[in-house]
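Participant: My structure is below; once you've seen it, I'll send some questions.
A short reminder: the numbers here are calculations on the coordinates, not readings from a lab. Since we're looking at a predicted model, the values are computed, not measured. Reconstructed Cβ throughout: ideal geometry from the backbone, glycine too, with neighbour counts over all protein chains shown.
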Amino acid sequence: MEEPIIPLDRLSQWIYAICVVNFDVDLGQTLDCVYPQHVQLTDAERVSICYLAFPDSHSSCEGSTQYHFRFKCTSISRFLLKNFFSLYKDYCPSFLSVVILSPLPFDGFFYEVVKTVSNAYFTHGKEGIEKSCGDIDSWPAPKANKQLALSLLGMTYFLRIPGTARATIPTSESPVNGDSSSNKEGEQGSVSSSSFSSLSLSPLAEAILDCVDQTISSKSFTGILGKHSSSRNPNLSIDRIPDKELPKRMQGIEVSLDSRRYLQAFAPVLAHLQRLWELVITAQPLLVMAPNPNQASQTVQALVSSIAPFAFSADYRPFFTIYDTEFKDVSRGCTSSPIKILGVTNPFFSKALYHWPNVIRLGKIKCKSTDKHLCCDCRSTTDIEKKKGLRQHPSKTLLEDLRPGLYSRYKPFLKRDSGFYKRLKKALTDGTPDECISHAIHLFFQELTMSFLIPLEHYLSSLMPLHRDISPYHCVPEISRFNMNDFFRTLDTAGPRLTCDVKGDWIGLYKLFFSGPHFIHWLSHREGEIQKKLHSLHLDAILRANFELWTKNRTEVEIVDMIIQLNQLVTRYGHTVCKVEGIRRQIAVLLNGLPEDLRQVVGSSSTGTGAPISVNGRD
């Protein structure tokens, strides 16, 4: 008899909940409803959602705006932080905000989803949310390297999730200037979302080398900026969602997870892209002060994405308010807080976070204000080729009064790639499309990161045991410990300069990187991957081993000990039927090498085989 399907059981594969938040000028924020109703949130989480679902009262938001945020949330699952996507409408004297909670780092995709869900709610009320959840519940599970066609309220979203570590870094197609195409006359709106980068990192060495080959082959900046093209693999399989109620001809929206609007996100700091990359990869405290939450969140997310395929392993907040429970830790000092990148809009932070050593001051991308020093042209070429365009904020000047730019006390280890900045300046003035410039900036970051990562992977591969050292008659060999001094000695022959023209103190940069959280996360994950591979190779060797020949020269104690070890493998691989059957056949061979009386004792023992004794080795 088939088990009954739990309503909305598959919804959690994509989202955890949809919330509606109401803001009344007299009563304040209230969480009106949470759907599905069985989702439970703590009081602290409800308060955080209410405050973060709306732009800060001091931010200059005009019309619709999209942004995302993160905060501590432990009541739903094991994950520390969650993703929130919201859209609010202005129905004076109150505001309504629709919030989507998801663990997936696909902010560009969920920006589109929240628009559709919000429009359904503002048109049909809770029935619109219920119908949306029903459609999402029919989606297949997220799968890497597969083109998905996801239907939602008459819309179809085409989404392909990358199979490499780049999929762990959230991307967005939302406008950085705070405007949205979903604006309606007489209405104001905001979309807020959040990304979560704690999904698994680390491509294997082969994938890394392939990625670097692509980077090097695309190294010509002029070639990248000269044309804009997109390619699709016609052989990719597509999972389509059957829905008889949807019209036959649906409007399709293709959402990319491989692009980010770097040009708009880094408009006032284009001259310092290389320095920003160093700040991020070494997990230095970095404050992003913006005029609205959209620019803050998009710039923070662009910073986090700049070190892909490394996962940003420290805490970061694309949008942060003074009502956050961690505000005291953040205002006390950047060293006392685990948050390394922080996006804010409230001028109050100008005093509270004055001690942060690295500050990005953003201006409006599009500004009608007469306060011109807060405006920012994303195609401005001022200071792009200047080596000393960096400033430190004056001691008597508030952060909110600073001109757009980077204010930092950090001294970089690497010299500027002057060739890149010359080509960037030319691209900004010759009419090159914004998308192409953003892609070129992405390639610049990628080349730096991969040139930094390849020596680490090369050294790590030298610590792996040889294939011939894997014996079915011995324990699984372990990887040697990572020794920093030994690694530094390999940089002369296998350092970053082999794949990158940037010169400087790479060793000093590695030393600072080793003291940060990104290295610890990368190393533990890669060692786990390697150990898992070694266990797999060891099992293959066991399944191919000739234990009948091996037992002829072994004592009874050695044979029994081997049986116990194989029985432990049965428990380890219990979910893989074919492997368990192969192990049990080998156990049967070992049992046949024991005397009859001992064979019966071992076979019936709780530490024995768990498999029936058979002369021919079959169950």
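Participant: Calculate the spin-label point distance for E435 paired with T555, positioning each point 7 Å from the Cα along the beta-carbon direction, and give it in nanometres.
Facilitator: Modelled inter-label distance: 7.3 nm.
Participant: With label points built 7 Å along Cα→Cβ from the Cα atoms of M484 and K72, find their separation and express it in nm.
Facilitator: Going by the 7 Å Cα→Cβ label model, 2.9 nm.
Participant: Continuing with the same structure: By counting other Cβ atoms within 10 Å of each Cβ, how are T321, T555 ranked from fewest to most?
Facilitator: Starting with the residue having the fewest Cβ neighbours, the order is T555, T321.
Participant: Exposure proxy check: L8, L498, L591 ranked by fewest other beta carbons within 10 Å?
Facilitator: Numbers: L8 17, L498 13, L591 25.
Fewest to most other Cβ atoms nearby, the residues stand as L498, L8, L591.
Participant: Sticking with this one: So if R0 is 41 Å, what FRET efficiency would H467 and K143 give, r being the distance between their Cβ atoms, rounded to the nearest 0.05? Each step should come with its number before you reach the end.
Facilitator: Numbers: r = 31 Å, r/R0 = 0.76.
E(calc), rounded to 0.05, equals 0.85.
Participant: For the range 308-355, what log10 I(q)/I(0) values come out of the Debye formula at q = 0.14, 0.15, 0.22 1/Å, with one point per alpha carbon and no solvent?
Facilitator: Result of the Debye calculation: -0.34, -0.39, -0.77.
Participant: In addition: What order, most packed first, do the peptides 436-446, 544-554 have when packing is the mean number of other Cβ atoms within 10 Å of each residue? Working shown, then result.
Facilitator: Working: 436-446: 21.4, 544-554: 13.5.
Going by the mean number of other Cβ atoms within 10 Å, highest first, we get 436-446, 544-554.
Participant: Only counting other Cβ atoms within 10 Å, I'd like S102, S524 sorted with the fewest neighbours first.
Facilitator: Working: S102 27, S524 13.
Going from sparsest to densest Cβ surroundings: S524, S102.
Participant: Hull surface divided by four, with the convex hull built on the Cα atoms of the range 546-604: how many nm²?
Facilitator: Details: hull surface 15.3 nm².
With the hull built on Cα positions only, its mean projection is 3.8 nm².
Participant: What is the extension gain from A494 to E254, computed as 0.36 nm multiplied by their sequence separation minus the C-alpha to C-alpha distance, in nm to one decimal?
Facilitator: Numbers: separation 240, 0.36 × 240 = 86.40 nm, distance 4.05 nm.
Computed gain between A494 and E254 is 82.4 nm.
Participant: Would you mind checking K72/K340; K72/K131; K411/K503; K72/K143; K340/K511; K143/K511 for any pair whose Cα atoms are more than 25 angstrom apart?
Facilitator: The answer is K72/K131; K72/K143; K143/K511.
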